[in-house]
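Below you'll find the structure, written out as structure tokens, and then a few comments.
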Amino acid sequence: DDRALLRAVSALHRQRELAACALSFVPVGDVMSLACSLGVPEGPVAAARAVLDGAVRRLDLLVDDSDGVVLGALRIPPLAPREAPTVATAPSPKEPSATGQHPWLRTCQSLVRTLVTRPPRTTADAGAEPSRLRVEVDGETVVDLDQPVEAVSVVPRAAGVAEVEVQPLSGPGAEASPLLAQGRTVTVSGAHFRYRADAVVSGPVRTRTWMVREGAWGLVVPVPPA
């Protein structure tokens, strides 16, 4: 599902091999909104046909200053609680297994547990109160710490540009208009905040910078009708 796609892109990015290959994807699972938004057919049969007969579409990527990636959208605070990332820890081959299993078997079981769907956990501070954040796009301040905000969203668009929308806190009886900006570099700083990048909630952090990398990765999708 979406999480497998994220892991694949993240691993290839860390190995600096993402630009040299194209990914084919057949979604199987219950979390597929990201893949579908990128052009992958929802049904496994149609997606398999696209793998065989499709074309590579080059897509932009958001990369942050900790080498994390965003394929679809970024939101602060997270739109909804999600499970925190799970890390598999392999047992040392020199240590005896407490269950009597061979260490390599325990390692495989640990890896499988990171791939299966688990019930979502509650994120305590996700969206609890308005945030005071400074949002800068290409060095220009869109909103500063003196203006509470309800939400910030960042979406990579075509031609290497990210679309940023900041929703200020609405006053009594009035709804504040969103602040819009576009640019290649987005920096958010202020009080500790969490953010949702695609299907993963990260943080808390005090500052984070995302940069758009144009055409950074390729995805095989159906050929558009002539």
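The values are calculated or read from the model by the stated rules, or taken from the named source; none is laboratory data. Not measured: the values here are computed from a predicted model. Note that each Cβ is placed from the backbone with ideal geometry, even for glycine, and that neighbours are counted across all protein chains shown. Only protein heavy atoms, including side chains, enter the accessible area calculation; ligands, DNA and RNA are left aside. Shrake-Rupley method; radii C 1.70, N 1.55, O 1.52, S 1.80 Å.
Within region 8-22, identify whether any single residue is open to solvent by 50 Å² or more (accessible area, probe 1.4 Å), closer than 19 Å to Ala199 by Cβ and either at pLDDT 95 or above or not hydrophobic (A, V, I, L, M, F, W, C) (or both), and answer yes or no.
Yes, region 8-22 has at least one match.
Determine if region 196-204 includes at least one residue that is open to solvent by less than 30 Å² (accessible area, probe 1.4 Å) and small (Gly, Ala, Ser).
Yes; the residues of region 196-204 include at least one that is open to solvent by less than 30 Å² (accessible area, probe 1.4 Å) and small (Gly, Ala, Ser).
Six or more apart or on different chains, Cβ atoms under 6 Å: show the pairs whose first residue is in region 136-156 and within 18 Å of Leu61 (Cα to Cα) and whose second is in a loop (DSSP other than H, G, I, E, B).
Short answer, once both residue conditions are applied: Val155/Ala73.
Which one of the conditions (1) open to solvent by 70 Å² or more (accessible area, probe 1.4 Å); (2) free of Cβ contacts under 8 Å to residues at least 12 places away in the same chain; (3) closer than 21 Å to Val212 by Cα does Val45 fail to meet, given that it meets all the rest?
Against the list (1) open to solvent by 70 Å² or more (accessible area, probe 1.4 Å); (2) free of Cβ contacts under 8 Å to residues at least 12 places away in the same chain; (3) closer than 21 Å to Val212 by Cα, Val45 comes up short only on (3).
Given the criteria over 18 Å from Asp67 (Cβ atoms) and either in contact with a strand residue (DSSP E or B) (Cβ under 6 Å, 6 or more places away or on another chain) or open to solvent by less than 40 Å² (accessible area, probe 1.4 Å) (or both), does Arg213 qualify?
no
Tell me whether region 62-72 contains one or more residues that are farther than 30 Å from Arg206 by Cβ, out of contact with any Cys (no Cβ under 8 Å at 6 or more places or on another chain) and modelled with pLDDT under 95.
Looking through region 62-72, none of the residues is farther than 30 Å from Arg206 by Cβ, out of contact with any Cys (no Cβ under 8 Å at 6 or more places or on another chain) and modelled with pLDDT under 95.
Of all residues in region 21-70, how many are within 17 Å of Val221 (Cα to Cα) and not in a strand (DSSP E or B)?
Here the count works out to 29.
Looking at region 1-39, which of its residues are of a type outside the set (A, V, I, L, M, F, W, C) and over 20 Å from Met211 (Cα atoms)?
Answer for region 1-39, where residues must be of a type outside the set (A, V, I, L, M, F, W, C) and over 20 Å from Met211 (Cα atoms): Asp1, Asp2, Arg3, Ser24, Pro27, Gly29, Asp30, Ser33, Ser37, Gly39.
Which one of these is at pLDDT below 90, open to solvent by less than 40 Å² (accessible area, probe 1.4 Å) and farther than 18 Å from Gly203 by Cα: Ala176, Ala158, Ala162?
Ala176
Taking interchain pairs and intrachain pairs at least six residues apart, which have beta carbon atoms under 7 angstrom, with the first residue in region 180-198 and free of Cβ contacts under 8 Å to residues at least 24 places away in the same chain and the second polar (S, T, N, Q) and surrounded by 15 or more Cβ atoms within 10 Å (Cβ to Cβ)?
Sorted first by the residue in region 180-198, then by its partner, the list stays empty.
Given the conditions (1) in contact (Cβ under 8 Å) with a residue 40 or more places away in the chain; (2) open to solvent by 60 Å² or more (accessible area, probe 1.4 Å); (3) of a type in the set (A, V, I, L, M), report the number of the one that Leu169 does not fulfil.
The number of the failed condition is (1).
Of all residues in region 5-30, which are more than 17 Å from Leu61 (Cβ to Cβ) and in contact with a helix residue (DSSP H, G or I) (Cβ under 9 Å, 6 or more places away or on another chain)?
Passing the criteria: Ser24, Val26, Pro27, Val28, Gly29.
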